[in-house]
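The values are calculated or read from the model by the stated rules, or taken from the named source; none is laboratory data. Predicted model only: the values in this text are computed from it and were never measured. So basically every Cβ, Gly included, is an ideal-geometry build from the backbone, and we count neighbours across all protein chains shown.
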Amino acid sequence: MSGAMFSQQPILHRRRLIRLLAAGAVAPISVAALGPAHAELRFDLRPGSFKPMPIAIADMIGQGDEGQRVSAVITNNLKRSGYFAPIDRESFVEKVSNPDNAPDFASWRALGAVALVTGRVSRDPSGRMRVEFRLWDVAAGQQAAGQQFFTDPNNWRRVAHLVSDAVWERIIGEKGHFDTRVVFVDESGSKEKRRKRLALMDQDGGNVRFLTSGADLVVTPRFSPRTQDIAYMAFGSNGEARVYVHNLEGNQREAVGNFPGMTFSPRFSPDGQSLVMSLQQGGNSNIFMMDLRSRATTRLTDTGALDTSPSFSPDGAQIVFESDRGGAQQIYIMPARGGAANRVSFGEGSYATPVWSPRGDLIAFTRRRAASFAIGVMRPDGSGERILTEGYHNEGPTWSPNGRFLMFFRDPGGQSGPKIYMVDITGRVEAPVPTPNFASDPSWGPLLS
């Protein structure tokens, strides 16, 4: 197979249209399979077997620096995940000049590469960008995957994320998380006059754009798991706090309800059709749910305590939340329509900001003990508690759509400010997420494709 010209192989007649939401506009990316896929290239995810996979990512062939830019984003994505160890390009023996040809597998094996990514960036007669990639199983000497994408040239970063997801899915065996966006609070200015704007970025920190001007103070943005809607709390010029829903496609926002008190900690239901939130009434707060279609509201808790930070289970049947009804702030679970709540956190300290994994198997939380703030996970019954990262001051976990990673923010205090970090569910991988300014309250959105 080492001399085969895969461009002569028939391209499978499987096409689908992926919606791209770039700067609020909808643009298409067409996708087609490219060549055969034979090899059983897999990552060993068993406990005790974790070791980043050595992978070579060759610069894609193309005019100017387009291929290099796409390859650089792919390399950065896979490296930041902690599951791959990209090999330094300076050590490459073979220079890939035609990605349609099978590579010299022996030279890549000599570098220790287990997998190899090659590709090409070109333009069709209409000016559309065409990105082709092939994933090679170096040990087996076979192609493991291949696709081609057609899109507007401005969408090149999105295509790089799609290639990264294809590589991840083929090797890890689960859906990727690279073709996603994160909403967060951008913070600039001095500690005393901090301006907080709602901002949106790719999961790797690229393509940052601002959704609000900074005239209103915004906190706790939350992505819908199904739609391109974001719920958040904003303080108006009169100091009144309200929950809003911002639609990214129409770039419009509207207030949710007209409650006689402060509403905060909004979170979407799994189908994106309802919003659960807290309503402050005097010295206590209770949890309400609103149907976003009918605007009908249902009261879910009725206590003299502080019930807040609700989050649905992925099947929509239960809600996890924090409450001080037993003294210190702890985590409770109740039916989604309200009713008796069961406490599930029993460790030392107080627990806050619980959020259910999209897989349904874990609940992430913030735990405070003395001056230490930890991000951890536990099973829904409270067992198996594990701390992933600890220090001062960690808060606000949010799940990737595949349930493999969490983002959170860390504020060292003083005149400095918060930054966003990413950690995997084993706690082995932790990496900062670059942002232009200080950043807090991240919320990870769904896969765009």
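Below is a table of values for the structure above.
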read-out	value
Where a residue in segment 164-184 is under 20 Å from PHE149 (Cα atoms) and its partner, wherever it lies, is polar (S, T, N, Q) and assigned to a loop (DSSP other than H, G, I, E, B), with Cβ under 6 Å and at least six apart	LYS175/ASN402; HIS177/SER400; HIS177/ASN402; ASP179/SER449; THR180/GLN203
Any hit, segment 249-261, residues being more than 30 Å from PHE405 (Cβ to Cβ) and aromatic (Phe, Trp, Tyr)	yes
Residue that is surrounded by the most Cβ atoms within 10 Å (Cβ to Cβ), among those in segment 184-219 that are closer than 15 Å to MET422 by Cβ and of a type in the set (A, V, I, L, M, F, W, C)	PHE184
Criterion violated by GLU254 - all others in (1) at pLDDT below 95; (2) out of contact with any His (no Cβ under 9 Å at 6 or more places or on another chain) satisfied	(2)
Condition met for ARG222 (touching a residue at least 24 places away in the same chain (Cβ under 8 Å), closer than 24 Å to PHE408 by Cβ and surrounded by 20 or more Cβ atoms within 10 Å (Cβ to Cβ))	yes
Given (1) in contact with a Lys or Arg (Cβ under 9 Å, 6 or more places away or on another chain); (2) part of a strand (DSSP E or B), index of the condition ASP271 fails	(2)
Selection within segment 143-165 - of a type in the set (A, V, I, L, M, F, W, C) and over 13 Å from VAL70 (Cβ atoms)	ALA144, ALA145, PHE150
Selection within segment 412-436 - surrounded by 18 or more Cβ atoms within 10 Å (Cβ to Cβ), assigned to a loop (DSSP other than H, G, I, E, B) and not aliphatic (A, V, I, L, M)	GLY417, PRO418, THR435
Test set (1) among the β-branched types (Val, Ile, Thr); (2) out of contact with any Gly (no Cβ under 8 Å at 6 or more places or on another chain); (3) closer than 20 Å to ARG410 by Cα - VAL183 fails condition number	(2)
Residue ID - surrounded by the fewest Cβ atoms within 10 Å (Cβ to Cβ), chosen from residues in segment 290-326 that are in contact with a Pro (Cβ under 6 Å, 6 or more places away or on another chain) and in a loop (DSSP other than H, G, I, E, B)	GLY316
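So that you can scan it fast, the table gives a plain yes or no per residue for (1) surrounded by fewer than 23 Cβ atoms within 10 Å (Cβ to Cβ); (2) modelled with pLDDT of 95 or more:
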residue: ALA328; (1), (2): yes, no
residue: PRO335; (1), (2): yes, yes
residue: TRP356; (1), (2): no, yes
residue: ARG367; (1), (2): no, yes
